[in-house]
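Remarks on the structure that follows.
FYI, it's all coordinate maths here, none of it is from the lab. Everything numeric in this text was worked out from a predicted model, so none of it was measured. Quick reminder, even Gly has a Cβ in these numbers, built from the backbone with ideal geometry, and neighbours come from all protein chains shown.
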Amino acid sequence: MLNPYEIRKDFPIFKRKIDGNQLIYFDNAASSQKPIQVLEAVKDFYETSYANVHRGVHTLSQEASELYEEAHREVAKFISADSMEEIIFVRGTTEAINLVTYTFGLRELTSQDEIIVTLMDHHSNIVPWENLSRIKRFRIRYVGLTKEGLLDYKAFNEAINSRTRMVCVPHVSNVTGIINDLKKIVKSAHDYEALVLVDGAQSVPHMPVDVKELDVDFLAFSGHKMLAPTGIGVLYCKKQLLENMEPFHGGGSMIKQVKYDSKSERCIIEWNDLPWKFEAGTPNISGGIGLMEAVKYLRKIGMENIEQHERELTRYALEEFNELEKIQIVGSKDVSIKSGIIPFLVENFDSHDIALFLDNFGIMVRSGFHCAQPLHQQLGIRHTVRASFYLYNTKEEIDKLIETLKQL
Amino acid sequence: MRNKQTMPIQQYIARIEETCGEEKDFIIVLKYEKKEEAINKILKNATLIRSISGIIYDLKFQKASFRLYKNGKIIFKKLKDKKEVETLLENLLS
């Protein structure tokens, strides 16, 4: 079991007071805070080893390249990928999903095909597919939710068929925290030879995720939700698929050669090796190094311990919320299928009212749709307030949240 | 030459956030260093409907109902667009 009080010492931001109140940060599903180890790794890189990566022959470029490649290897190890060739650094989950949409989707999907997207998905796993389907005319079949906010597996089984080429699904809902049964979904999809794209933004930072065990084809996640800086994220993809996919962005670094052919008056292009084929231009080197340090930090604490800690906080918070008459928890309260995200409503108040009220006490929660408007429509609610936990949160902070809500 | 019409907004407002969705809310963040002055002006110009825990003030001004928070934030609901919010704020903070 981890000790959040020890962990908090690594996070300089928790010294911060907001209008005299001790900061309580319950907006971890949106973004996490950063430990000193990550901040110093980034600072140290800029102070001692900074240069552009790849194809520089000088010492600094060699050092920067080695660090940047090591970051890919660390991330591969973190999610049990076969090698760093399967790890593409992107800006975040959104860019990772767009990469799949505009490489695999643009080249492979036709008007005869179908894909499955869930109404539990974040807008970032809906909008790119809607955009592309307007060009390529493939059909999107949406799978809805049950009253408890769980994915409707019956509807999923009815939606999937021999035309399905891709299944897009969140591992964990960013609103309800419900953990989807990926093994079941992947098996059904693969039975129909469909690929599976998983939005792992809310799972990879919070629980052990093993891509081989889950057998997912694509996994997208963001660094900033797992202690790393903003602007760095990951697309995991099985090597065999990546080898056959065309690049997303074109430019420097992602080619082996660009040779002008005077006969055809064209440039003949040879793609670089994986994963560089998908990383055009100067990448976010310091972000990658920050992500590597974040991954090392998380691994040292242990993802099982983090998952257990968050589950205990969630169980405790749900019990305490139960004492408040005006509060309604949205979705299932079963902690065995939930991560550390609690969406709730307060009688006679809108979600933004509650977030603004809590802000007066230094308590940071998120309000609104959380970029998941269809999910709210499915559950028949306008907005939700979302409290989301991470490794540094404590039961005392939950007590403060409850005490503050009692004032309403 | 300063535009007198937009002066209160420039003087007191740090940000106007528009929420997404069909029914938009507008969240106004007052400039930290001017928030006490702005809050006093708002409380003077608007009609107080009720106060909740000394933190939230339910107020009415012209035809708009809104909430003012002690830490310098305001939420307007059911307004047409940002222009309407700006016009209200200009009058409210004059």
Hydrodynamic calc, the protein assembly as shown: Kirkwood Rh from Cα pairs, then Stokes-Einstein at 10 °C with viscosity 1.306 mPa s, so D in µm² s⁻¹ is 64 µm²/s
Suppose every Lys and Arg Cβ carries +1 and every Asp and Glu Cβ carries -1, with no other charges. What dipole size does the range A:1-113 come out with about its Cα centre, to the nearest 20 debye? 540 debye
Most exposed to least, judged by fewest other Cβ atoms within 10 Å, A:SER264, A:SER124 sort to A:SER264, A:SER124
So the number of lysine pairs in the range A:188-280 with alpha-carbon atoms under 25 angstrom apart, 8 or more residues apart or on different chains, is 11
Across bins of 5 angstrom width beginning at 0, how are the C-alpha pair distances of the range A:39-161 distributed, in whole percent? 2, 9, 12, 14, 14, 13, 11, 8, 7, 6, 3, 1, 0
List the residues, sorted by chain then number, that are 5 or more residues from A:TRP271 or on another chain and whose placed amide H is less than 5 Å from its amide H. A:LYS256
Just to confirm the filter: which chymotrypsin sites (Phe, Trp or Tyr not before Pro) across the range A:228-285 are DSSP coil and have at most 15 other Cβ within 10 angstrom of their Cβ? none
Restricting to lysine pairs 8 or more places apart or on different chains, what number in the range A:1-124 have Cα atoms under 16 Å apart? 4
Do any trypsin sites (Lys or Arg not before Pro) in the range A:81-138 lie in a loop, going by DSSP, with at most 13 other beta-carbon atoms within 10 Å of their beta carbon, and if so which? A:ARG137
Add -39500 (n - 2.57) for each DSSP H run of 4 or more in chain A, then divide by its residues: what number comes out at 222 nm, to the nearest 500 deg cm²/dmol? -10500 deg cm²/dmol
Choose one of A:VAL365, A:TYR297, A:VAL335: the residue whose Cα lies farthest towards the positive end of the charge dipole of the range A:277-385 (beta-carbon charges +1 Lys, Arg; -1 Asp, Glu; about the Cα centre). A:TYR297
Amide H contacts under 5 Å for A:ALA387, restricted to residues at least 5 apart in sequence or on another chain and with H modeled in the peptide plane, are A:ILE342, A:PHE344
For B:ALA46, net neighbour charge (Lys/Arg +1, Asp/Glu -1) across residues whose Cβ lies under 14 Å away: +4
14 Å beta-carbon shell around A:LYS184, net charge (K/R +1, D/E -1): -2
Could you list A:THR118, B:THR19, A:THR314 in order of exposure, starting from the residue whose Cβ has the fewest other Cβ atoms within 10 Å? B:THR19, A:THR314, A:THR118
Give me D for the range A:178-317 in µm² s⁻¹, whole number, from Stokes-Einstein with Rh from the Kirkwood sum over alpha-carbon pairs, 25 °C and 0.890 mPa s. 139 µm²/s
Explain nothing, just the number: dipole magnitude of the protein assembly as shown about its Cα centre with +1 on each Lys and Arg Cβ and -1 on each Asp and Glu Cβ, in debye rounded to the nearest 20. 1720 debye
Looking at the protein assembly as shown, what % of its DSSP beta bridges pair antiparallel, to the nearest 5? 75 percent
Counting every C-alpha pair in the range B:1-72, the percent lying more than 15 Å apart is 61 percent
Taking N as its residue count, the alpha carbon Rg of the range A:86-235 over 2.2 N^0.38 Å: 0.97
What trypsin sites (Lys or Arg not before Pro) in the range B:1-66 are in a loop by DSSP, with at most 13 other Cβ atoms within 10 Å of the Cβ? B:ARG2, B:LYS63
